[in-house]
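Pasting in a structure now, in structure tokens, and then I'll have a few things to ask.
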4 protein chains.
Amino acid sequence: MKRARNDQAKGDRKQDILNCAEELIQESGLENLSIAQVAKKAGLAVGTIYLYFPKKEDIIAHLTIKSREILLRKFVESGASTADALEKVSLMLWAYLNFYKEHPFYHQLVSFYETNAGLEEPEELLVASRKITGYVIEVIQSGKAQGNIHPDIDESEFSFLLWASAVGVIQLIDVKSSIIQTQLHKGTDAFFSSFIDLIIRSLKK
Amino acid sequence: MKRARNDQAKGDRKQDILNCAEELIQESGLENLSIAQVAKKAGLAVGTIYLYFPKKEDIIAHLTIKSREILLRKFVESGASTADALEKVSLMLWAYLNFYKEHPFYHQLVSFYETNAGLEEPEELLVASRKITGYVIEVIQSGKAQGNIHPDIDESEFSFLLWASAVGVIQLIDVKSSIIQTQLHKGTDAFFSSFIDLIIRSLKK
Amino acid sequence: MKRARNDQAKGDRKQDILNCAEELIQESGLENLSIAQVAKKAGLAVGTIYLYFPKKEDIIAHLTIKSREILLRKFVESGASTADALEKVSLMLWAYLNFYKEHPFYHQLVSFYETNAGLEEPEELLVASRKITGYVIEVIQSGKAQGNIHPDIDESEFSFLLWASAVGVIQLIDVKSSIIQTQLHKGTDAFFSSFIDLIIRSLKK
Amino acid sequence: MKRARNDQAKGDRKQDILNCAEELIQESGLENLSIAQVAKKAGLAVGTIYLYFPKKEDIIAHLTIKSREILLRKFVESGASTADALEKVSLMLWAYLNFYKEHPFYHQLVSFYETNAGLEEPEELLVASRKITGYVIEVIQSGKAQGNIHPDIDESEFSFLLWASAVGVIQLIDVKSSIIQTQLHKGTDAFFSSFIDLIIRSLKK
DNA sequence: TATGAATGAGCGTTCATTCAT
DNA sequence: CATGAATGAACGCTCATTCAT
């Protein structure tokens, strides 16, 4: 479990700690993360962790930034194959579902800050957030230029709505997939597909 | 030995306990609710709480049912003034926003079970849930009959999507209202109004 | 689970309570017996149990008497088929092993009082105890009369030693049967058989 | 904040904790041992105890190992004065009685694991146990070699039987010495002496 | 006799954070 | 920079016993 201190040439203690925390969350969930565990896994003393991250929450915040960045990358990649803005939106949402399925752990982090009121988001986190909405805004703008997204749509606002409702739908899938199955006789994908339709319909000219 | 609240509500210990729990959640959030606190506030011994609620979760479940029932009532009331299904949907969503604003605490409970994977919802809770989706389904059906809601829409599925996205949007408002204000130069209501437009647009024939 | 109060024609509340306690111990062990459970199973109020058994231990004591009586019966029956005293001792010990196997629950009670120092045995319990040693004494006396048990043996003392060592051996079997299996390559019965041999050898003329 | 025992034994917190636990068991019995008490007596915080003993049972296990080791030492010492195996057995049993009398508390620990089914003995405990049976086996083997112990005796099995029955007899003495006195008009030692005779008789050629 | 609501100290265990070294 | 022992309040939950009715 312990990890030789010299692994990464002394350089990036901070990264090292983050990596260990990540593995631990992946193994046992965000709610079970304890500093003592992180210290043990990192081969450091508890106090040392506090040298780099004065509050436990700081670790979570950093990991959340990373998650948001991964998600952004997925979004950008998803749209690379087409020039059509509507299709980009659709592909972006599919990318979000896949992100949730492939990295439930990163998704947990992403929705943590969306879900817990009272958490002060440090500037760095906000930056990561803005990059995502920024990308969505761009796509919608290009759609308006292309003429297949309705010109009345406020792209900034829509990017928030899109994000919020997508988070809500993924949460429902996460928590109640069995109910969806039972009551709608549908799998997760089909359900999510309908959500995408809903969004596209509301974007179209 | 203490029996502070003996006078008031002495007939209904269970209610009394629930009320105290409610106040505590309101003061310090669901995640900080502890049985010891409830007992103290209720002027009862810890063991006494367990007489009425064998598991801590039972308290939360009861409060959640209550919240869902209040919400359902709001939904039904909101639609009473009109026969138009689309308008009913719109009013219902406004009612949801008001519910959140007036009872942020009840909203926290409502979204708790939507948000935490792995929570087994007891039958009673599911019933309360189904009543809500049931109402939404009815409204959409009537809209299809009236001819102003698109006939291709699956009312069951849509009720889930509506619910999930509304929860997501309210969460965003709850957690990031200041960001909305700063970046969109808009208040909560205007933002939510756009969400309603989005939904209505996607429902229309 | 509740048991109509009139079952046994109002007569024997005490017996009723005892029976319920017995079932509960059988289901979940002596250490998990709680008065609340007993009350529930008996369809009585907690306070009522305390009318009949002022201390929880009183219930256990009564059940222990019963266990001892059952054991005595087994002893007597076991020896009925032969007149030979040594054989009677042997059969008695086999009967004890069977008693343990068939009624682990009664055995738990029997050894409870043998094992827990500081328990005041009420007179009734002592009587049950004395009946058992009394029987053993009789058997040994008859063996001395028959001439196949060594005349120097003090039958009273031997009955205590027999009892104590048998309890010890059964405990070992109860707790460490797997170790016996692993280390001696022997089953419980073969092991116990050696114990009987040991006893018989030490009794013989 | 307290640091009562800081002076004495400050080097060995673990020992300190063990000592305190020992005293507490001596005062109020194994079944009443609680971590809170230990912490209080040791002048430490509860959490500190868990730094050294992650589970309450670990404390008991450590103390049990110690007890077993003391007992083994007594056994070995007891036999040092003679080469005769039978005499060694006899002296060993006397040593066991003395161990019980001098350290009733250690004896309680020794019999705890013999008496409570379902307790998983960790390897270290088993080692201590095996050392004891190992010694007994040796003695019996040497007796067979000397020709004064019956060659048919299986020394492994006999060591278990000896141990189990001795535990049983000591338990009887522990729990019922007054009854022995009353009914046999004999002291503990005389009674135990008869037990030794019984064992020796069953070993002899 | 009978009730059953109420008690409250007690349990084992966790963990973010501190601070003397 | 780094350590890691120490803290101690807090947690959910149990249960023998009492006592006013």
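What distance in nm lies between label points placed 7 Å from Cα along the C-beta direction at D:A45 and A:S177?
With each label placed 7 Å out from Cα toward Cβ, I get 4.2 nm.
Would you be so kind as to identify which of A:I199, A:I132, A:Y100 lies farthest towards the positive end of the dipole of segment A:55-203, taking Lys and Arg as +1 and Asp and Glu as -1 on Cβ and the Cα centre as origin?
It is A:Y100, whose Cα lies furthest towards the positive end.
Tell me, what % of the accessible area of the protein assembly as shown is carbon and sulfur with a 1.4 angstrom probe?
Numbers: 18920 of 37200 Å².
That share works out to 51 percent.
Compute the distance from the alpha-carbon center of segment B:93-150 to that of segment D:102-122, in whole Å.
Segment B:93-150 and segment D:102-122 have Cα centres separated by 58 Å.
Follow-up. With a 1.4 Å probe on protein heavy atoms only, tell me which residues of segment C:165-203 lose at least 50 Å² of accessible surface in the complex relative to the chain by itself.
For segment C:165-203, once contacts with the other chains are taken into account, C:Q171, C:L172, C:V175, C:K176, C:Q183, C:L184, C:L198, C:R201, C:S202 lose 50 Å² or more.
With a sphere of radius 11 Å drawn around the Cβ of C:I137, what net charge do the other residues whose Cβ falls strictly inside it have (Lys, Arg +1; Asp, Glu -1)?
Details: positive: C:R130, C:K131, C:K144; negative: C:E138, C:D154, C:E155, C:E157.
Within the 11 Å Cβ shell, the charges total -1.
Placing unit charges on C-beta atoms (Lys and Arg positive, Asp and Glu negative, everything else neutral), compute the dipole magnitude of the protein assembly as shown about its Cα centre in debye, rounded to 20.
On the way: 96 positive and 108 negative charges, 165 e Å.
Charge dipole of the protein assembly as shown: 800 debye, to the nearest 20.
Write down the Å³ per residue value for the convex hull defined by the alpha carbon atoms of segment A:97-153.
On the way: hull volume 6.9 nm³, N = 57.
With only Cα atoms used, segment A:97-153 gives 121 Å³ per residue.
Sticking with this structure for a sec: Helix-only mean residue ellipticity at 222 nm, the protein assembly as shown, DSSP H runs n ≥ 4 weighted -39,500 (n - 2.57), per residue, nearest 500. What is it?
Values: 36 runs with 620 residues, N = 820.
Calculated mean residue ellipticity at 222 nm is -25500 deg cm²/dmol.
Another question about this same structure. In chain A, if every C-alpha pair distance is counted and binned at 5 Å from zero, what percent goes to each bin?
For chain A, the pair-distance distribution reads 1, 7, 14, 16, 16, 13, 12, 8, 6, 4, 2, 0.
Local charge sum around C:R201 (other residues, Cβ-Cβ under 13 Å, Lys/Arg +1, Asp/Glu -1)?
Neighbourhood net charge equals +2.
Using the basic label-point model (7 angstrom from Cα toward the beta carbon), what is the A:E102 to D:Q26 distance in nanometres?
6.6 nm
Could you give, in nm with one decimal, how far B:L72 is from each other copy of that position, shortest first, with labels 7 Å out from Cα toward Cβ?
Here B:L72 shows inter-copy label distances of 4.4, 6.4, 6.8 nm.
What ³J(HN,Hα) values, in whole Hz, does the Karplus curve 6.51 cos²θ - 1.76 cosθ + 1.60 give for segment D:15-22 when θ = phi - 60°, with x put for Gly and Pro?
4, 4, 4, 4, 4, 5, 4, 4
For chain B, take the longest principal axis of its alpha carbons; what is the angle in degrees between that and the long axis of helix B:104-115, to the nearest 10 within 0 to 90?
80 degrees
Still on this structure: Can you tell me the orientation of helix D:85-102 relative to chain D, as the angle in degrees between its alpha-carbon axis and the longest Cα principal axis, to the nearest 10?
Result, in degrees: 30.
Same structure again: Work through the residues other than C:V167 whose Cβ is under 14 Å from its Cβ and net out their charges, Lys, Arg +1 and Asp, Glu -1.
-2
Between C:L184 and A:I70, what is the label-point separation in nm under the 7 Å Cα-to-beta-carbon projection?
5.8 nm
Separate question: What's the angle, to the nearest 10 degrees (0 to 90), between helix B:56-79's Cα axis and the longest principal axis of chain B?
Rounded to the nearest ten degrees, it is 40.
Let me ask you something else. Which aspartates and glutamates, if any, have their Cα less than 16 Å from the Cα of C:K40, not counting same-chain residues under 8 positions apart?
Within the straight-line cut-off, C:K40 pairs with C:D7, C:D16, C:E22, C:E23, C:E27.
Right, something else. Using a ≥ b ≥ c from the Cα gyration tensor of segment D:21-86 (square roots of the eigenvalues), is it rounded, prolate or oblate, where a/c under 1.5 gives rounded and otherwise the larger of a/b and b/c decides, a/b for prolate?
On the way: a/c = 3.77, a/b = 2.89, b/c = 1.30.
The shape class here is prolate.
Between copies, how far apart are the A:E102 label points? List them in nm, one decimal, shortest first, with each point 7 Å from Cα toward Cβ, please?
4.6, 6.7, 7.1
Taking only C-alpha pairs under 8 Å that are 6+ residues apart, what is the relative contact order of chain B in percent? Intermediate values should be presented prior to the final figure.
Working: 163 pairs, mean separation 36.6, N = 205.
After rounding, I find 18 percent.
Here is a follow-up. With a cut-off of at most 12 other beta carbons within 10 Å, and DSSP calling the residue loop, which trypsin sites (Lys or Arg not before Pro) in segment B:24-91 qualify? Please list them.
Numbers: sites: B:K40, B:K41, B:K55, B:K56, B:K66, B:R68, B:R73, B:K74, B:K88; in loops: B:K55.
Those that pass, being in a loop and sparsely packed, are B:K55.
Let me ask something else about it. Ordered by residue, what ³J(HN,Hα) values in Hz, to whole numbers, does segment A:193-205 give under the Karplus form 6.51 cos²θ - 1.76 cosθ + 1.60, where θ = phi - 60° and Gly and Pro are x?
Each residue of segment A:193-205 in turn: 4, 5, 4, 4, 4, 4, 5, 4, 3, 7, 8, 4, 5 Hz.
Tell me which lysines have Cα within less than 18 Å of B:K131's Cα, excluding those fewer than 8 residues away on the same chain?
Partners found: A:K176, B:K66, B:K74, B:K88.
Would you kindly derive the ³J(HN,Hα) couplings of segment C:153-161 from the backbone phi angles with the Karplus curve 6.51 cos²θ - 1.76 cosθ + 1.60 (θ = phi - 60°), listing them in order in whole Hz, with x for Gly and Pro?
Once θ is set to phi - 60°, the couplings for segment C:153-161 become 5, 8, 5, 5, 4, 4, 5, 5, 5 Hz.
To continue, here is another question. Counting only protein heavy atoms, probe 1.4 Å: which residues of segment A:128-162 lose 40 Å² or more of accessible surface in the full assembly compared with their chain by itself?
A:E157, A:F160, A:L161
How far is the Cα center of segment C:175-205 from the Cα center of segment D:17-49, in Å?
Using only Cα atoms, the two centres lie 39 Å from each other.
Based only on Cα atoms, what mean projected area does the convex hull of the protein assembly as shown have, in nm²? Intermediate results must be reported in sequence, preceding the final value.
Values: hull surface 197.4 nm².
For the protein assembly as shown, the mean projected area of the Cα convex hull comes to 49.4 nm².
Would you mind telling me which residue in A:A39, A:A190, A:A128 has the biggest mean-square fluctuation in a Gaussian network model of chain A, where springs connect alpha carbons within a distance under 10 angstrom?
Among A:A39, A:A190, A:A128, the largest GNM mean-square fluctuation belongs to A:A190.
Using a probe radius of 1.4 Å on protein heavy atoms only, what is the accessible area buried between chains D and C, both sides summed, to the nearest 100 Å²?
Values: alone 10950 and 10920 Å², together 18590 Å².
The D and C chains share an interface burying roughly 3300 Å².
Note the distances from C:N116 to each other copy's matching label point, with points 7 Å along the Cα-to-beta-carbon direction, in nm, sorted shortest first.
Label-point separations across copies, in nm and ascending: 1.3, 3.8, 4.6.
Set Lys and Arg Cβ to +1 and Asp and Glu Cβ to -1, take the dipole of chain C about its Cα centre, and tell me which of C:L30, C:G147, C:A61 lies farthest positive.
The residue sitting most towards the positive pole is C:L30.
Dipole of segment A:121-193, Cα-centred, from +1 at each Lys and Arg C-beta and -1 at each Asp and Glu C-beta, to the nearest 20 debye? Can you show the working numbers first?
Details: 5 positive and 10 negative charges, 72 e Å.
With Lys and Arg at +1 and Asp and Glu at -1, about 340 debye.
Rounding to the nearest 20 debye, state how big the charge dipole of segment B:55-203 is about its Cα centre with +1 on each Lys and Arg Cβ and -1 on each Asp and Glu Cβ.
Details: 14 positive and 20 negative charges, 84 e Å.
Computed about the Cα centre, the dipole is about 400 debye.
The values are calculated or read from the model by the stated rules, or taken from the named source; none is laboratory data. This one's a predicted model, so the numbers in the text were calculated from it and none came from an experiment. So basically every Cβ, Gly included, is an ideal-geometry build from the backbone, and we count neighbours across all protein chains shown. Only protein heavy atoms, including side chains, enter the accessible area calculation; ligands, DNA and RNA are left aside. Shrake-Rupley method; radii C 1.70, N 1.55, O 1.52, S 1.80 Å.
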